[in-house]
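Read-outs throughout are calculated quantities, based only on the coordinates presented, and are distinct from any laboratory measurement. Note that the coordinates shown come from a computational prediction; the quantities given were computed from them, not determined experimentally. Heads up, the Cβs are rebuilt from the backbone with ideal geometry, glycines too, and the neighbour counts pull from every protein chain shown.
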Amino acid sequence: MGMDCSSQPETPLTTGSEPDRIPLLRIQELHTQFETKQGTVRAVDGLSLDLYEGEVLGLVGESGCGKTMTALSIMGLLPGNGRAVAGAINFEGKNLLQCSGEEMKKIRGGKIAMVFQEPMTALTPTMTIGRQISEAMEIHLALSREEARARALELLEHVGIPSPRARFDNYIHQFSGGMRQRVMIAIAFSCEPRLLLADEPTTALDVTVQAQILDLIKQLAQEAGMTALFITHDMGIVAGSCDRVAVMYAGRMVEVGPVDDVLLNPRHPYTQGLLGSVPSLESKPGDRLYSISGLPPDLVSLPTGCKFWPRCPLADERCKEEEPFLEQYGNSRAACWKVMPLREVLDE
Amino acid sequence: MEEQPLLSVRDLVKHFRMPRRNLLRPPDVVRAVDGVSFDIWRGKTLGLVGESGCGKTTTGRTILQLMRATSGSVQFGGTDLCQLSDKDLRQYRNGMQIIFQDPYASLDPRMTIGKAIAEPLMIHELSQTRQEARERVQELMERVGLNPYFNNRYPHEFSGGQRQRIGIARALAVDPDFVVLDEPVSSLDVSIQAQILNLLQDLQDEMELTYLFIAHDLRVVRHISDRIAVMYLGLIVELAPGLEIYDGPLHPYTQALLSAVPWTDPRLARKHQRIILEGEVSSAVNPPSGCRFHPRCPIAETRCQVESPELREVRPGHWVACHLA
């Protein structure tokens, strides 16, 4: 590796499906690992991903696939025993992995903001929500206390908190689940970040509130021309909220492309399985769902070859030995030796 | 439907008293379930949907008499369970089982799963000898897709999906007729969720099980239910055959719920006009007057604020509680 903090991102490797622009964020060969008693957990295992200015990218996968650890690697917020051991995350001409703690503090909450799944654990219970919003702006935007307060009130109103003046001095436990998420969104948007990371922002919410929050994030991001990485396990949220989607399995990307291409014409057997597992409006009640057999692999001892082969109905000897790489198919890219035969099967 | 339903719930009410906050005032009462009626026929599934706090879980538990109802009746195979003493209830208990959302919280961490599955057999004296119990446990584990070889392991050694299989094996051990499934797949990953849903369907076919399937995910409910009941603040607002609700929801709340379902087809997501409801569910301590949905209802009239709508049959088998439907 050995690149310094200001190394320039290389020219994009692929064009075509990806917007023909310079990425705002470029993740290259990221390896994030955890040292545990059982051994080294390879949470992110060679992930490369570009995020283009103004797009909303969905990062999808099941628990343990490394999607949250990717976001925490970007933020420099990995838990104690976790470390990004190799790779680079380039953002505005800086490799975030090489940045000092001080530099990251300036970026975090300023240029890059994050919305977490559980506002109760992400926000401070002993500080009024007004203070929590103003604090970020006083630090990152160098606003005075009064200016920050005025802007915080505006923000609270904008994210749909009723009577913001009265709510300004409330604590987080005094809010309902949906309102807490609105507060966190207000904090995330307060410093007008260029990049928003949203980690399962609506998983803990009811469906009608989920729809409210997704629309709010989309609307705010559009207004501000913001780039967003949407982490979710739900393909339905991707369908409604994202421009492109990247599917992760066992710490690496198995498929990436525009939402319509990936969701309507999935190439990778894992993506097909994920989509088939969710009942759709077309499926007949009572039909068997397509289900992926088995369990995700143990991240301490990953299988050889393609990491998905033990669960893949199409796997053969080659899949067990050789690791597939991302190849272009139409508008999307997939890492699978079996993509072509699969399409033939579907065409028949 | 000619046949007698296996389960008939009538005017079921469950109120909870809150701790008294002020000595001069009566304690607050949470009206969790406030007059719910429905039938479930043998071998069928009723899906019960609604958002958190609508009373769906309380309904399930009150039916099983895990909580005693404030009023109303639960006819199960011709007997009103609400009238039975705890002692008399025991003989009915093995006819009805429950599968919980979080199988980890419902399993004893210090009991091997073999013992956990055998426990109901022992309690209900369904196995005479240890050998018999062991064989039954083995059979149950195989049936739910667990390797019987692992019967000496502890719950923490299993994944979420496998733990849910243990929970299912345990519930089926006593050969029940009726099973309440309380969000059985909500905490599972999608691929595992599909495995469990398929298993539940296979078991229903094989054992002629009757399900009350409680869930908030309308995609899952559509897939597994014959009929669907939508709850809002302790009341059923719409009850109809599964596909009919999805094709033509009549209650404005059902319409909003369905429009918020994140279908995985991006074309559908774009086409669908989402009905975004204002605000959040009102409190079940002081539910709104008239129709409980009126403060959030996009089409509410003055009448809705005063008069509470009855659940009425607008088409054969399609019930709705709305003045304007």
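On the stretch given as the range B:121-144, residues that are out of contact with any helix residue (DSSP H, G or I) (no Cβ under 6 Å at 6 or more places or on another chain) and touching a residue at least 40 places away in the same chain (Cβ under 8 Å) total 3.
Condition test on B:Gly77, is it over 24 Å from the mean Cα position of the chain (by Cα), surrounded by 15 or more Cβ atoms within 10 Å (Cβ to Cβ) and not aliphatic (A, V, I, L, M)? No; evaluated as a whole, the condition is false for this residue. Filtering the range A:249-265 to residues that are without any contact (Cβ under 8 Å) to a residue 60 or more places away in the chain and assigned to a loop (DSSP other than H, G, I, E, B) leaves nothing.
Looking for whichever is assigned to a helix (DSSP H, G or I), touching a helix residue (DSSP H, G or I) at 6+ places or on another chain (Cβ under 8 Å) and more than 11 Å from chain B (Cβ to nearest Cβ) here; the options are A:Cys319, A:Cys336. Which one fits?
On the way: A:Cys336 fails: assigned to a helix (DSSP H, G or I).
Every option except A:Cys319 fails the conditions.
Comparison of A:Val262, A:Val256, A:Val245 shows that the only residue that is away from every other protein chain (no Cβ under 12 Å) and either of a type in the set (Asp, Glu) or surrounded by 22 or more Cβ atoms within 10 Å (Cβ to Cβ) (or both) is A:Val256. Among residues of the range A:207-220 that are within 7 Å of another protein chain (Cβ to nearest Cβ), those with a beta-carbon under 6 Å from a residue that is of a type in the set (Lys, Arg) at least six positions away or on a different chain give the pairs A:Ala211/B:Arg274. Would you pick out the residues in the range A:208-222 that are out of contact with any helix residue (DSSP H, G or I) (no Cβ under 6 Å at 6 or more places or on another chain) and of a type in the set (A, V, I, L, M, F, W, C)? Selection gives A:Ala211, A:Leu216, A:Ile217, A:Ala221. For the range A:153-205, a tally of residues being more than 21 Å from the chain's Cα centre (by Cα) and charged (D, E, K, R) returns 5.
Among the residues of the range A:94-104, is any surrounded by 14 or more Cβ atoms within 10 Å (Cβ to Cβ), touching a residue at least 60 places away in the same chain (Cβ under 8 Å) and in a loop (DSSP other than H, G, I, E, B)? Yes: the range A:94-104 contains one or more residues that are surrounded by 14 or more Cβ atoms within 10 Å (Cβ to Cβ), touching a residue at least 60 places away in the same chain (Cβ under 8 Å) and in a loop (DSSP other than H, G, I, E, B). The residues listed here are A:Ala246, A:Ala204, A:Ala228, A:Ala188; of these, the one that is in a helix (DSSP H, G or I), among the hydrophobic types (A, V, I, L, M, F, W, C) and at negative phi is A:Ala188. The C-beta contact set for the range A:270-287 (first residue facing chain B (nearest Cβ under 7 Å), second residue assigned to a loop (DSSP other than H, G, I, E, B) and among the aromatic types (Phe, Trp, Tyr), distance under 6 angstrom, 6+ apart or interchain) comprises A:Leu281/B:Trp263.
The range B:215-323 holds helices (runs of 4 or more DSSP H) entirely within its bounds, and those carrying 2 or more residues that are within 14 Å of another protein chain (Cβ to nearest Cβ) and touching a residue at least 12 places away in the same chain (Cβ under 8 Å) map to B:218-224, B:242-247, B:252-259.
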